[in-house]
1. Can you tell me, using C-alpha contacts under 8 Å and at least 6 residues apart, the relative contact order of segment 141-299 as a whole percent?
2. Give me the tail of P(r) for segment 193-345 as a percent: Cα-Cα pairs with distance above 17 Å.
3. Mind giving me the nanometre distance, one decimal, between the label points for Thr3 and Asp271, set 7 Å out from Cα along Cα→Cβ?
4. Say each of Ala63 and Val291 gets a label point 7 Å from the Cα, pointing the same way as Cα to Cβ; how far apart are those two points in nm?
5. Can you list the lysines whose alpha carbon sits under 28 Å from that of Lys33, skipping same-chain ones fewer than 8 residues off?
6. Checking the a/c ratio against 1.5 first, then a/b against b/c, what shape does the Cα gyration tensor give for segment 278-360?
7. Find, among the trypsin sites (Lys or Arg not before Pro) in segment 26-92, those assigned to loop by DSSP (not H, G, I, E, B) with at most 11 other beta-carbon atoms within 10 angstrom.
8. P(r) of segment 1-132 in 10 Å steps, Cα pairs, percent per bin?
Amino acid sequence: MDTTIGIGFLGAGTVGGTLIRRLVDDQPAISAKTGLDLRVVKVAVRDVSKQRSFTVPEGVLTADPSDVIDNPDVALVVELMGGEDPAGDLVARALAAGKPVVTANKALIAARGPELIAAAESSGVPLLYEAAVGGGIPIIRPLAETLAGEQITRVMGIVNGTTNYILSQMETGESYPEALADAQRLGYAEPDPTADVSGADAASKAAILASLAFGTWVGFDAVHHEGIDRLSPADMEAATDLGYVIKLLGIAERHGSGVNARVHPAMIPGDHPLASIRGATNAIYVEGPSVEELLFAGPGAGGEPTASAVLGDVIDAAREVLAGAQVAPRIRFSPGDIVDFGDIPTKWYVRLLVVDAPGVLARVAGAFGDAGVSIMSVRQEGRDDTASLLLITHRAAESSQRKAVEAVDALDVVHEVAAVIRVVSDEA
Ligand code: NAP
Ligand code: HSE
């Protein structure tokens with residue numbers, strides 16, 4: 001039986017370039033292990049004159065993505081361009097042409113997932129996206145297959161390598177711009193790193209995790225997201241002093257018959273397992289009544305680990321091509337309610353810059369109490385004109401916290417509300 005599968009690439013940068021190099025260099029080993037003869041047939045890039053980290057025969061590189069999709073020798077398309085446009089329409093065209101698609105593009109799946117999954121189903125071909133969440137960590141397939149029968153209650157974790165790398169480097173004294181530049185150089189960041197630092201990349205991943213975990217489609221727009229761009233070194237130091245670490249968390253939870261997914265910085269206790277996850281490593285907790293707590297952890301960004309996950313999908317899709325059977329999506333999505341982010345109670349860390357005078361603490365506590373927010377602990381730092389008050393509250397909804405913060409901000413003894421950060425502790 002001929003086991004040759006022609007592969008066409010849309011994009012050959014950090015991830016695509018690494019995968020092409022592996023397919024060329026490791027071809028005998030991959031073939032010996034899988035029985036497949038995977039051939040790189042056509043590769044679309046923006047600039048064909050750019051120097052590449054891989055070598056392919058002349059004529060394989062093209063600047064026209066149609067040369068990939070319409071090529072009769074391409075049996076499987078790998079999309080590693082990134083972004084929604086033009087990647088989305090190209091993926092839709094490939095699926096409509098009956099070609100399986102493998103992608104690492106979380107932005108695209110989170111934005112157009114239902115439409116593309118339906119297109120794959122109507123052509124009977126796979127649309128695989130293991131590398132879209134967690135880089136080299138297997139998490140999509142476990143959720144969509146191994147855990148398909150589990151009534152998952154929560155998925156929570158660190159799902160963006162760039163921001164976790166930046167926060168880890170800042171803990172060692174490196175500046176934010178230096179750490180971001182390193183993350184870009186190391187191939188962790190998105191082509192536009194705003195997606196990383198704003199929390200949008202993690203929101204796409206949280207949307208995908210929530211959809212697969214709960215079987216209700218949660219699109220990107222339904223995920224509240226905040227990034228790390230407003231975190232200051234003062235809060236990172238304060239967190240350390242209080243025994244916490246600040247992490248950017250993606251959280252997807254079942255609430256009654258509804259679901260919620262969100263991304264925001266959170267203070268977590270220093271002895272929490274996620275607190276020790278550093279650099280570009282990702283870690284994802286999955287909780288359910290039967291499996292209790294599962295932890296998936298590993299390299300969450302970068303060319304090598306991500307290409308490894310894409311390669312796994314390529315091998316899977318190639319087997320489906322050779323089997324010639326109609327492929328159906330693993331998970332069926334049913335309608336469900338999206339629970340509003342503001343209704344979910346949490347503890348809060350609030351840093352205030354206040355006048356250092358008698359009675360200030362009582363007035364601040366009074367304003368919190370009037371808004372129905374109870375204070376769990378207070379620490380004062382600094383003396384003279386301005387002192388820092390570091391408050392941690394008991395659990396309160398966002399609306400109550402905002403009311404409290406507005407009232408405190410209006411007090412003449414408060415110079416500034418310098419930070420408000422969620423605290424995730426006993427919920428984990
Ligand atoms: P990248 O290094 O910027 O590579 C993008 C590739 O797409 C480049 O080869 C670029 O061509 C090509 N391209 C972009 N627009 C194009 C267009 N209109 N026509 C033809 N080619 C075009 O990006 P990456 O880091 O490899 O990421 C690729 C995808 O993987 C993204 O969806 C990203 O979210 C996802 N991902 C990345 C990582 C990671 O750690 N980097 C991890 C997980 C998932 P040129 O080379 O000529 O510029
Ligand atoms: N830019 C992403 C990150 C790549 O830093 O996590 C992996 O999806």
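1. Averaging sequence separation for qualifying contacts and normalising by length gives 33 percent for segment 141-299.
2. Result for the distance tail: 71 percent.
3. 5.2 nm
4. Each label point lies 7 Å from its Cα, and together they span 4.6 nm.
5. List returned: Lys42, Lys99.
6. Values: a/c = 3.41, a/b = 2.04, b/c = 1.67.
Prolate, because a/c is 1.5 or more and a/b exceeds b/c.
7. Answer in residue order: Arg46, Lys50.
8. 13, 45, 34, 8
Bear in mind these aren't lab numbers, they're just calculated from the coordinates by the rules spelled out. Remember, predicted model here, so these are calculated numbers, not experimental data. FYI the Cβ positions are ideal-geometry reconstructions off the backbone, even for glycines, and counts take in every protein chain you see.
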